[in-house]
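See structure below.
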Amino acid sequence: MSFFSSIRQKAPFLERIAESFTPTMSRDEKFRLQYKLPDDEHIIDDTNTDITFTTPYGTNHKDKRRKDENGNQLAYVFSGKLFLTPHFLVFRDAFDQSSCVMILNISTIKRVERSPSLSYAFALLVTLYSGTQILIQFIGLRNRSEQFCEKLKDMLKHNIPNAKRLPMFIESCYSNFLIEKNILRKTDIVAPKAGLGQHFKYPGQPDITKEKAKLRLWFEYFKENGENLAIIQNHTFQKLVRIGVPSRMRGEIWELCSGSMYLRFSHPGEYQKLLDDNRDKTSQAIDEIEKDLKRSLPEYSAYQTPEGIQRLRNVLTAYSWMNPDVGYCQAMNIVCAGLLIYMSEEQAFWCLSNLCDIYAPGYYSKTMYGTLLDQRVFESFVEDKMPVLNDYIVEHDIQLSVISLPWFLSLFYTSMPLEYAVRIMDIFFMNGPKTLFQVALAVLKVNGDDILQADDDGMFIAIVKHYFQTLHESAHPDSPDLKYRQITKFQELLVTAFKEFSVITEDMIIHERNKYKKTIFENIETFVKKTQMRRMPKTFNLSDKELSNIYDVFYQSIETHKISLGTGSSNMTFDVFLQFMGKFCDWAKPSKNDDDPVFKKQKQTFLKKLFNNWDSSKVGELTVNDVVLGLDKMVTPDLLEAMNYFFSLYDDDKDGQLQKDGVLQMSEGLLLLTTPWKTGKFVDLLTKKAIEDDIADEIVKETSIDQQASGSIELPSGVTIDEEKYKAQQSERYLKAASNFLQRCFEYAEPLQIDRQVDLLDLSDDNDDKPDEAKEARKKKFATIVANAALDPTRPTAIDLATFRMVILADETYELFFSTTLRDSIHLEEGANDSGNNQVLKSMFDGIIADGRRVAERVRRRVDSVATNKSRADSIETNTNESIHTTDTNSKMIDLDDFTTDHLEEHEELLNNSWEDMDDSAEQNARQERKIEPMSPSASEKQKDLIEFEA
Amino acid sequence: MSNPITSIKLVLLGEAAVGKSSIVLRFVSNDFSENKEPTIGAAFLTQRVNINDHTVKFEIWDTAGQERFASLAPMYYRNAQAALVVYDVTKPQSFIKARHWVKELHEQASKNIIIALVGNKIDILEDNENERKVAREEAEKLAEEEGLLFFETSAKTGTNISEVFLGIGEKIPLKGLEDEHNNNGLNVTEDQRINLANTANASENASACSC
Ligand SMILES: Nc1nc2c(ncn2[C@@H]2O[C@H](COP(=O)(O)OP(=O)(O)OP(=O)(O)O)[C@@H](O)[C@H]2O)c(=O)[nH]1
Ligand SMILES: [Mg+2]
């Protein structure tokens, strides 16, 4: 039934997942998470202390016991641990964490003095900005306490600049407003900037008296326990949150509980700066946000006004700039709209930030891995806590996540009426992610009886939808007891969620997440790969397996990109490209030669040429599609295409001609590409054939005619091959090919076709509005070029594509290189698991011998030719050539009549090349050292005609 | 009970904000709303129609359009007999996405799934034909190549909306009397449930209950 089990597949990514998989958190990480502190906080020191608070607002308490006989105030003493971080003093009670947690921003400290203390060796009296005093009495060794104090002193100094910003910050807090208005009796004071609710009313039935009563409770709480950046949280705090935070207070309590208040304080002005810096910029996220702005909580009136929409736009776009890995995910608009009813833009921005990082980790990422993961975790909780329901769901093939996914993703905002959703948010921010699971489980539990009647997903959804729409109704409408009848379904839900399912703890969630992470990540990677493979461009020469392998190696190479998390750029930089190609291509593999600066430069230059050529969007980075298209061209089985492509790499200005520089670069490129054969690391087909022929010759010599006729030819057992001899021959052949190449290129270079340049110059002059001076200069330059062309015997010469091909085809080694060797040097089926390539040379030679049948075949042919034609005066070379010809077509299986992979233009161009017409290609193959006829006069005449005709 | 009932599981796919939910809303409630919330995950609705003496019950899965939700889509199109692949005739990018969806459905969904390609928001073209960014011919070509039904619609005005669903309904082999049996009993309660959320079906529901 589970979506996850239905798409579960074996994926080849185990190692990478293990890598990004961190089951254990460091102490600092845990600490930060527990108190929702910003990322740069870490524990500098900790110590055991007793702590007492006294607030300035005369705790005019009924509780008489809190004054001693001298009238001095008495207060509770809490024993616990005090932590110091760069910006905070955090205290928690050792016995009951929920009875006292103090999170004190150091910049709220006004004064610290040593306090005389009777029972303690050492005590500090800390006075806060607000007037609250905290007596810290150290327990333990004096020098440890001294040490702690020293560090505290350092931090106090560090925080002085922050303390300067404090008053302004405090003014933005509603708690401060309550205090100032009600204690200091300030009359000219206005409420700080808050959410849209301030002007557009808060959701739900406005019950003014209730709101006021609740505000008063909070006011009392702040008076006794401090507020905002210096608050103590105890049982009462939690109770106040649970009964529902009053609308006016809600924004601040959310940002306090989520810890985003600390972010806002430590990053002053950053939100505005993000907006300013990115004004008028566009991105995919921005487009997506724009589409949804008018579609966010449309039932709330502010979101039908420009003001509401602008605030939403600001916060969502600012977030997308701050966290481009996430950018924007649908549902964030709704959650953010929910925040903005109660919070100012800046508050909402930081709150959204912590929400995405801590509360809904990975929910809104590009792959939504967090959402998928938590759905799996939720399934497992249902399995465990509601076995009957679970069995029923499984039996009826209902997919739980179809129903529950929107709850988690939009934090119940799209499921429940707003006024209830924000109540869930109150608790969610205080208690963390477990809240979502608890509420979700409670929804299933409360509706259990009805769900057990549902037959399919559709009915299931309808039941729950109805339930959410009637949350205000009585949970027990038929009860005779009035009190019982007054309990609403929503209250019932909260009780079920937070009493019955209090067994669901944060630790359990972390544990379950770790359990399913691997599978979820694997599924995502499989899915992403499938999707991307489906969207790859059409290729002509690559098999599915090769494409899949290219994909794997591509993403394995880009280490910063995590497919399953959807983070980091998925594009390839040049440096990564170098490694990437090294995994596939014999000539790009890391080798000893890399130490040679000349070689290294050759390699870099050539690969840079490829890189630039493949970079379709010209941004200096390659996408996987770029790489696929590029490799597809490189491994073409068509000799002409291979040559054309190589030529085009060097023809930067695409004028179809290469001048001296280009030719030199090209020959460097060829030198690089052929290095593995030049150095004898690999053998090419020519060498292979030579070896086989030699073996055949041996056999022919040693075997009697009779034996040959009977057809039973056996390979002699002790054939030895002089590897070095063949290597040397091959090496020489490649060197010769290289020098012939250059020599011929220059020999057959034609005068540069100036006409084209004239055009270019003219064009550029037309386009630019350059001052006359520059124009004059250009004209002069142009004149010189023309003059050169006409008169100067040293005028620039160039070769065109046809000549280049002619030069390549004139050399057997290079021809073979473009028809076969180059393609065979690119191993697109390997690479993913690297290694196993080092012994290639050895196995090549071994392979030749092992392939006895083929040699035997050759011997037979050789014998036949001996028998019918006694003249064995032919040179070995000729034989080699013949055999290449035959085996080539045999082994390579080039489908001559299959034109699907051909490009029509190529062949049309062929028709235009007169010299090709005149050459007999069969004859070409028969000659190793062919003489090239210079362009026949008729050919150039034809070209001239063409030009004249056009003119 | 005079008519046999055929249930058709239908899924809507397409880029965000092309109007998938609006098409469903028009079909199910004959209504339109300017500012519909984006669909989170997916929404489920049903609608019954009569086609040639047959009652067809559409079970409609309306999915979220944003690219990153694509990994959830298989959960919704599994077992679907029909799919609407929707694009916005004024947004060329949405047509590219539509191509992707067609490809994915052909590869991943049930073998004989009926797919309709739907170009929505043609009402915008009435005022200004220049707003059209996806040529009708181009879409027709795709539909022909891939064997899809093709419609241009407006959820806003209602143009062609019911035609889309009727077109699908006609292509699906209708259940004969032999299947009728299966639909009894269970479906009665099911329909009641569905109608709690879907008032538009109230009248039809009454007839379903009478059997
Ligand atoms: N002019 C016009 N607008 C439409 C039409 N259909 C939908 N819209 C508008 O387009 C926007 C998006 O419509 P939705 O139906 O929510 O789009 P969706 O495809 O369901 O979007 P997601 O759920 O985000 O994938 C809304 O503002 C609609 O009012 C139409 O036919 N004509
Ligand atoms: Mg929708």
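Quick look at the values:
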item	result
Ordering of A:211-224, A:811-824 by burial proxy (mean other Cβ atoms within 10 Å per residue, highest first)	A:811-824, A:211-224
Inter-chain Cβ neighbour average for residues A:288-300, partner chain, 10 Å	4
³J(HN,Hα) computed for each position of the stretch A:661-668 - Karplus, 6.51 cos²θ - 1.76 cosθ + 1.60, integer Hz, glycine/proline x	4, x, 5, 5, 4, 5, 5, 4
In Hz, Karplus ³J(HN,Hα) per residue of the stretch A:635-645 (6.51, -1.76, 1.60; θ = phi - 60°; x = Gly, Pro)	9, 4, x, 8, 4, 5, 4, 4, 5, 4, 5
Residues A:TYR645 and A:GLU732, FRET efficiency given R0 of 35 Å [Cβ-Cβ distance, rounded to 0.05]	0.80
Dipole of the stretch A:221-365, positive end: most advanced residue of A:GLY327, A:PRO268, A:TYR363 [Cβ charges, Cα centre]	A:TYR363
Spacing of the two label points (7 Å from each Cα toward its C-beta) at A:GLU171 and B:ASN79, in nm	6.2 nm
Rounded Å value of the spacing that divides the Cα centres of the stretch A:205-237 and the stretch A:518-555	56 Å
Farthest toward positive dipole pole in the stretch A:369-521 [+1 Lys/Arg, -1 Asp/Glu at C-beta], among A:GLN486, A:HIS476, A:SER502	A:SER502
Note, ³J(HN,Hα) from phi for the stretch B:54-65, Karplus 6.51, -1.76, 1.60, rounded to Hz, x at Gly and Pro	10, 9, 10, 9, 7, 9, 9, 9, 9, 9, 7, x
Dipole in debye (nearest 20) - the stretch A:369-521, about Cα centre, beta carbon charges: Lys, Arg +1; Asp, Glu -1	600 debye
Solvent-accessible area lost in complex, 30 Å² minimum, residues of the stretch A:466-507 relative to chain alone, 1.4 Å	A:HIS466
Prolate/oblate/rounded call for the stretch A:370-488, Cα gyration tensor, a/c under 1.5 rounded	oblate
Calculated FRET value between A:GLU506 and A:ARG242, using beta carbons and R₀ = 22 Å, to 0.05	0.80
Span from the the stretch A:653-696 Cα centroid across to the the stretch A:89-103 one, whole angstrom	75 Å
Relative packing of peptides A:512-520, A:458-466 - highest average C-beta neighbours within 10 Å first	A:458-466, A:512-520
Three-way shape call for the stretch A:530-653 based on the alpha-carbon gyration tensor, with the a/c threshold at 1.5	oblate
Portion, in percent, of the accessible area of the stretch A:369-521 that falls on carbon or sulfur, probe 1.4 Å	50 percent
Amide H contacts under 5 Å for A:PHE122, placed H, 5+ residues apart	A:PHE138
All lysines inside 25 Å of A:LYS181 as judged from Cα atoms, apart from same-chain residues fewer than 8 positions distant	A:LYS62, A:LYS110, A:LYS164, A:LYS193, A:LYS201, A:LYS210, A:LYS212, A:LYS214, A:LYS223, A:LYS239
Burial order of peptide ranges A:554-566, A:582-594, A:538-550 (average beta-carbon count within 10 Å, highest first)	A:554-566, A:582-594, A:538-550
Those lysines that a straight Cα-Cα span of less than 23 Å connects to B:LYS111, excepting residues fewer than 8 apart in one chain	A:LYS529, A:LYS530, B:LYS9, B:LYS57, B:LYS97, B:LYS103, B:LYS141, B:LYS171, B:LYS175
Other-chain or far-sequence residues with amide H under 5 Å of A:PHE88's (modelled H)	A:ILE106
Residue-averaged beta-carbon neighbours from other chains (10 angstrom radius) around B:72-80	4
Long-range amide H partners of A:CYS100 with built H, under 5 Å	A:ASP93
Rounded, prolate or oblate (a/c below 1.5 giving rounded, otherwise prolate when a/b exceeds b/c) for the stretch A:239-330 by Cα gyration tensor	oblate
Point-to-point label distance, A:GLN491-A:PHE599, nm (Cα→Cβ direction, 7 Å offset)	8.4 nm
Peptide A:330-336 - average C-beta neighbours from other chains (10 Å radius)	4
Size of the B/A contact, given as accessible area buried on both chains, probe 1.4 Å, in Å²	4000 Å²
Estimated inter-spin distance, A:LEU156 and B:ASN30, nm [label 7 Å along Cα→Cβ]	7.8 nm
Using a Förster distance of 45 Å, the FRET efficiency for A:GLU829-B:ASP123 (Cβ separation, nearest 0.05)	0.30
Entries of A:LYS465/B:LYS156; A:LYS538/A:LYS689; A:LYS281/A:LYS633 with Cα pairs more than 30 Å apart	A:LYS538/A:LYS689; A:LYS281/A:LYS633
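The values are calculated or read from the model by the stated rules, or taken from the named source; none is laboratory data. Here the structure is a predicted model, which is why all the values come from computation and not from measurement. Virtual Cβ from ideal backbone geometry, glycine too; neighbours counted across all protein chains shown. To get the accessible areas, we keep the full protein, side chains included, count just its heavy atoms, and leave off ligands, DNA and RNA. Shrake-Rupley method; radii C 1.70, N 1.55, O 1.52, S 1.80 Å.
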